[in-house]
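The values are calculated or read from the model by the stated rules, or taken from the named source; none is laboratory data. This is a predicted model, so every value here is computed, not measured. Cβ coordinates were reconstructed from backbone atoms using ideal geometry, including for glycine residues, and neighbour counts include every protein chain displayed.
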Amino acid sequence: MATVFIDGSAGTTGLKIFDRLSQRKDISLIKLPEDLRKDTNARKEAINSADIVFLCLPDTAAIEAVGLLENKNTRIIDTSTAHRTNPDWVYGFAELNRQREKIKNARLVANPGCHASGFIALINPLVENDIVKKDSLLSCFSITGYSGGGKKMITEYEDESKNPLLLAPRQYGLSQMHKHLKEMKEISNLKNAPAFSPIVAPFFSGMEVSITLFANDIKVAKEDIINTYKSLYTGKIIHFNEGCDEEGFLSSAAYSGFDDMEISVNGNDERILLTARYDNLGKGASGAAIQNMNILLGCDETEGLLIK
């Protein structure tokens, strides 16, 4: 039985992980009393007593928590942005080429960002196969449920007297400095960060990342892209769906409550639309973290996950 400590179990991601793992018979959870939840000494003892530690903390706090680590056998999965492009950490996206084995042997794993997960799933294999050039200038938009903003945003959206502006989708990250851009660029092996438009919408959870490619820019046919995804995404957690058209629509909430990701290709021979749909709290956060834990422990990757 593996011993697990969740540092930051009161946050949105931490709560989801806690709820999932508390149902598993192969996991023993270390739980701190409420009055010691932020106590440094208590946290340090818990961190060094665990086989696996999930850090569900803001960036600065996550860095500080890593500084408490002394036990060389303890392995950390950090869900913050702090270590995702740090060369001393392994990026926790198992479906990338050769990444699963790196995660399996890692001591420090950085869990991917929610928006970044869809972008990387779509673009990384195309760059790897020289379909998209490394110096390409790409544009991407991503629609997320409001749970992606954490407890504060959830409270705002679920307030009966909320601002009427919250009833419609809202674009943010207007300065083009979103915190996921660095990993989107580096993990996809791009020379330029994409123009990125994240959008929060009035539904609880779900995510849809879309990128349009122009055939004249990539010099390959739509079918070549489809075949690339088909050959790569054959597992249960990320899968290609050739017939995902919902009577001419694609819902951003289609995978709400699930931990897998759907990849699809639409558009025509001139403009090719790439789309990834998943749950921002699932493959975009807690589901991916549990998948990474399963790999570290040698379990089936889907153990404890809900697959659509």
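Can you confirm whether Ala116 is closer than 18 Å to Ile238 by Cβ and among the small types (Gly, Ala, Ser)? It is true that Ala116 is closer than 18 Å to Ile238 by Cβ and among the small types (Gly, Ala, Ser). Are any residues in segment 18-52 over 20 Å from Asn71 (Cβ atoms) and not basic (Lys, Arg), and if so, which ones? If the condition is that a residue be over 20 Å from Asn71 (Cβ atoms) and not basic (Lys, Arg), then Phe18, Asp19, Ser22, Gln23, Asp26, Pro33, Glu34, Asp35 are the ones that fit. Please enumerate the residues belonging to segment 260-308 that are among the acidic types (Asp, Glu) and either within 28 Å of Ile225 (Cα to Cα) or assigned to a helix (DSSP H, G or I) (or both). Within segment 260-308, Asp260, Glu262, Asp269, Glu270, Asp279, Glu301 meet the criteria. Residues in segment 132-143 that are surrounded by fewer than 18 Cβ atoms within 10 Å (Cβ to Cβ) and not basic (Lys, Arg): Asp135, Leu137, Ser139, Phe141.
Taking Lys102 and the conditions (1) assigned by TED's automatic domain parsing to the domain that holds His180; (2) without any contact (Cβ under 8 Å) to a residue 40 or more places away in the chain; (3) charged (D, E, K, R), which numbered condition does it fall short on, given that it satisfies the others? Checking Lys102 against (1) assigned by TED's automatic domain parsing to the domain that holds His180; (2) without any contact (Cβ under 8 Å) to a residue 40 or more places away in the chain; (3) charged (D, E, K, R), the one that fails is (1). Of the strands (runs of 3 or more DSSP E) contained entirely in segment 160-259, those carrying at least 2 residues that are of a type outside the set (Phe, Trp, Tyr), surrounded by 14 or more Cβ atoms within 10 Å (Cβ to Cβ) and over 18 Å from the mean Cα position of the chain (by Cα) fall at 207-214.
When segment 15-66 is filtered for residues that are farther than 22 Å from Gln291 by Cα and charged (D, E, K, R), the ones remaining, listed by number, are Glu34, Asp35, Arg37, Lys38, Asp39, Arg43, Lys44, Glu45, Glu64.
Being of a type in the set (A, V, I, L, M) and within 19 Å of Lys283 (Cα to Cα) holds for only one residue in Ile63, Ile47, Ile76, and it is Ile76. Here Gly113, Gly118, Gly92, Gly148 are screened, and the one residue that is of a type in the set (Gly, Ala, Ser) and touching a Cys at 6+ places or on another chain (Cβ under 7 Å) is Gly148. Annotation note: of Thr74, Thr79, the sole residue that is within 26 Å of Ile211 (Cβ to Cβ), in contact (Cβ under 8 Å) with a residue 12 or more places away in the chain and among the β-branched types (Val, Ile, Thr) is Thr79. The test for being touching a residue at least 60 places away in the same chain (Cβ under 8 Å) and in contact with a Ser or Thr (Cβ under 7 Å, 6 or more places away or on another chain) holds for Leu273.
Restricting the search to segment 144-159, which residues are crowded, with 17+ Cβ neighbours inside 10 Å, not in a helix (DSSP H, G or I) and not β-branched (Val, Ile, Thr)? Answer for segment 144-159, where residues must be crowded, with 17+ Cβ neighbours inside 10 Å, not in a helix (DSSP H, G or I) and not β-branched (Val, Ile, Thr): just Gly145.
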